[in-house]
Every structure is written in C-alpha cells, then in structure tokens.
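*Asks:* Okay, here's the structure, questions in a sec.
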Amino acid sequence: FSVIEPGGIQSEFTNNVMAQLDSTGGIQSDEYKPILNTYLNGLKKNYGPGSSQTSNEVAQVILDTIENEEPSIRTRTSPWSETFT
C-alpha cells in the first residue's frame, strides 16, 4: 500500500471558507480557536508561489504511484508538501 499526501490543491475551497467565516463573524471563540488561528497563520506564512498544485498534477503523482511496481510507502506530491507536514 501507499499513502499519497498532497499539499495545497488549486481550488476555490479556501476562498469559500474564508468568505463564509467573514460573513458569519469569524472563528467561534471556543477551545479550538487558538489551534485554528495557529494553523491559519502558518498557512499565510508558508503559502505562496509554488505551494499549490493543479488537480492534474496531483492525479499524475497518483497514477505514477499506481503504475510503479515498487512504490514508496509514503509519497508527497510536491516539495511544498514536504515542508508543510
């Protein structure tokens, strides 16, 4: 078996989540808020050019792994995903 770990994938998901947060007053103040803030601040700090891939690029890594007779147990799909996890 293999585990494939993509990093960021180019989509509107993050923009949609952030728009929803803005329209509803932001992150709820509870025990998870500090954890979520730390995560979001890390994303803002480390997310930039080259940090996300197209879905086709990720799909190609998956296909290459499937076709490999001796695939790695763990495959990250980009250099950025190596630093993120």
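The values are calculated or read from the model by the stated rules, or taken from the named source; none is laboratory data. Treat the numbers as computed from the prediction; the structure is a model and nothing was measured. Neighbour counts run over all protein chains shown; Cβ positions are idealised from the backbone, glycine included.
*Asks:* Among the residues of the stretch 59-85, write down those that are among the hydrophobic types (A, V, I, L, M, F, W, C) and modelled with pLDDT of 90 or more.
*Replies:* Within the stretch 59-85, ALA59, VAL61, ILE62, LEU63, ILE66, ILE73 qualify.
*Asks:* Determine, yes or no, whether VAL61 is touching a Lys or Arg at 6+ places or on another chain (Cβ under 9 Å) and part of a helix (DSSP H, G or I).
*Replies:* In short, yes.
*Asks:* Are any residues in the stretch 5-33 of a type in the set (S, T, N, Q) and not in a loop (DSSP other than H, G, I, E, B), and if so, which ones?
*Replies:* THR14, ASN15, ASN16, GLN20, SER23
*Asks:* Considering only the stretch 64-83, state which residues are part of a helix (DSSP H, G or I) and surrounded by fewer than 17 Cβ atoms within 10 Å (Cβ to Cβ). Let's see the steps before the verdict.
*Replies:* Going residue by residue through the stretch 64-83, those that are part of a helix (DSSP H, G or I) are 64-67, 79-83.
Listed by number, the residues that qualify are ASP64, THR65, ILE66, GLU67, PRO79, GLU82, THR83.
*Asks:* For ASN56, indicate whether it is at pLDDT 85 or above, over 29 Å from SER2 (Cα atoms), polar (S, T, N, Q) and more than 12 Å from the chain's Cα centre (by Cα).
*Replies:* No.
*Asks:* Counting just the residues of the stretch 1-42 that are of a type in the set (A, V, I, L, M) and exposed (fewer than 13 other Cβ atoms within 10 Å of the Cβ), which one comes out nearest to THR83 (Cα to Cα)?
*Replies:* VAL3
*Asks:* Right, another one. What number of residues in the stretch 20-53 are at pLDDT 90 or above and aromatic (Phe, Trp, Tyr)?
*Replies:* 1
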